[in-house]
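A.B. asks: Questions regarding the structure given below will be posed in turn.
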Amino acid sequence: MENLKKSILLSIRNLHVYYYTPDGVVKAVSGVDLDVYHGEILALVGESGCGKTTLGYSILNLVPPPGRIVSGSIIFEGRDLTRLSRKELDEIRGKEITMIFQDPMASLNPVFRIGDQMIDVVVHKLRVDKAEARKIVLNALKAVRLPNPEEIMHRYPHELSGGMLQRVVIAMAISTKPKLVIADEPTTALDVTIQAAILKLLVELAREINTTVILITHNMGVVAEVADRVAVMYAGHIIEVGNVFDVFSKPLHPYTKGLLSCVPRVDIEVEALPTIGGDVPSLINPPPGCRFHPRCPYASEKCRREEPPMIEAEPDHFVKCWLYAKR
Ligand SMILES: Nc1ncnc2c1ncn2[C@@H]1O[C@H](COP(=O)(O)OP(=O)(O)OP(=O)(O)O)[C@@H](O)[C@H]1O
Ligand SMILES: [Mg+2]
């Protein structure tokens, strides 16, 4: 990555995404700015409920009700994805940008054979004939190293194991050679080691076809191993972004420091995010000022009152924390 001239593929600005629930407005994403570069693997991490999936859904304008994008922009190759018509979005979704959902069954229809539904997608998205689509699907199933891909095409989703389904979903996501894949790691069901192997396979395949990946994961070992950059979310905000090496070797935000405190070295496998003391904040009534202040050992009066800006504390290493503001 370092040697390549960085060009921006996706640019998110001041994005707000809220869920309007009977209990109140859940501010799942509040004021997120994020650039994603061509060809990079960007990991998105942070504890459960901080807004990672919501941010991923927003990019495809797929935030489920009662949620919606309230304001902000998501520029992809000159077009604001938040303002496109259904038809325009349909041209992009599943072709130029694909998403691997947390639940593999969200992308698969239980009543159709794997092969038939994959062929349908390819015919529809790439406008090729069935014979051509079949070849593309078969190659994609081979690429994700499923044994007997011909036979898999005849199976129904429920006839496959969780790990196999995950591979099928990856095959679907890369079959159209998209520019961007948003991969939301399954949080349950799969064995952590199998999951890590599948994420690594996805990244390997993406690199081969020069596809950019936003990898939503809890597995810091995988992040250290395969990602170029990492963005850390906390309570609807991105609080730190930088190269994986910089963030792991010198985390700046007190939250990131806590997250990585159990990851002393980047070359060892760490299976899941460690937990940090204190409560996960409510996103209906988030804490004022810095949202991390109630759990932060360094919180000052200013942190309790004023939201910190994103600060470039080191070259290409950004942190949303008053500790790094120039005095
Ligand atoms: N359909 C929904 N209706 C209401 N609130 C929702 C909905 N989906 C998500 N939320 C809320 O939005 C916030 C962000 O959720 P989101 O699923 O984006 O988190 P996440 O970081 O992906 O978590 P996880 O790591 O557990 O997948 C949470 O407070 C969650 O409860
Ligand atoms: Mg999620």
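Nothing in this text is a laboratory measurement; each read-out follows from the coordinates by a stated rule. No experiment lies behind these values; they were computed from the predicted model shown. Here the Cβ positions follow ideal geometry from the backbone for every residue, glycine too, while neighbour counts run over all protein chains shown.
A.B. asks: Could you tell me what percent of the DSSP beta bridges with both partners in the chain are antiparallel, to the nearest 5?
C.D. replies: Among the beta bridges of the chain, antiparallel pairing accounts for roughly 65 percent.
A.B. asks: Of the residues 308, 66, 149, which exhibits the maximal mean-square fluctuation in a Gaussian network model of the chain defined by a 10 Å Cα contact cut-off?
C.D. replies: 66
A.B. asks: Express in whole angstrom the spacing between the alpha-carbon centres of region 29-96 and region 298-320.
C.D. replies: Centre-to-centre distance over Cα atoms comes out at 24 Å.
A.B. asks: Moving to a separate point now. Going down the list 95/142; 177/320; 179/302; 95/250, which pairs span over 30 Å between their C-alpha atoms?
C.D. replies: 177/320; 179/302; 95/250
A.B. asks: Moving on to the next point. Obtain the nm distance between the two label points defined at residue 106 and residue 284 by a simple spin-label model: each point lies 7 Å from its Cα along the Cα-to-C-beta direction.
C.D. replies: Simple spin-label model gives 2.3 nm for this pair.
A.B. asks: GNM on the chain, C-alpha springs below 10 Å: top fluctuator among 140, 183, 106?
C.D. replies: Result: 106 has the largest fluctuation of those listed.
A.B. asks: What does the charge add up to near residue 76, with Lys and Arg as +1, Asp and Glu as -1, over the other residues with Cβ less than 9 Å from its Cβ?
C.D. replies: Net of charged neighbours comes to -1.
A.B. asks: Could you tell me the center-to-center distance, by alpha carbons, between region 223-239 and region 8-24 in angstrom?
C.D. replies: 17 Å
A.B. asks: Hey, can you list the DSSP H helices of the chain whose Cα span along the axis is 20 Å or longer and whose average Kyte-Doolittle score is at least -0.5?
C.D. replies: Answer set is 192-208.
A.B. asks: Bin by bin, in steps of 5 Å, what percent of the Cα pairs in region 1-130 do you find, going until the bin that has the longest distance?
C.D. replies: All Cα pairs, binned at 5 Å, distribute as 2, 9, 16, 19, 19, 16, 11, 6, 2, 0, 0 percent.
A.B. asks: Taking amide hydrogens as modeled 1.01 Å from N in the peptide plane, which residues meet the under 5 Å criterion relative to residue 44, leaving out close sequence neighbours?
C.D. replies: Long-range HN contacts for residue 44: 215, 216, 217, 231.
A.B. asks: Build a GNM of the chain with springs between Cα atoms under 10 Å: which of 223, 181, 280 gets the top mean-square fluctuation?
C.D. replies: 280
A.B. asks: I've got another one for you. Report, to two decimal places, the Cα Rg of the chain normalised by 2.2 N^0.38 Å (N = number of residues).
C.D. replies: 1.01
A.B. asks: Normalised by the number of residues in the chain, what is the relative contact order in percent for Cα pairs under 8 Å and 6+ residues apart?
C.D. replies: Reported relative contact order: 19 percent.
A.B. asks: In which sequence would 319, 203, 70 go, from the one with the fewest C-beta neighbours within 10 Å to the one with the most?
C.D. replies: Fewest to most other Cβ atoms nearby, the residues stand as 70, 203, 319.
A.B. asks: Something else now. Roughly what % of DSSP beta bridges within region 1-104 run antiparallel, to the nearest 5?
C.D. replies: That works out to approximately 95 percent antiparallel.
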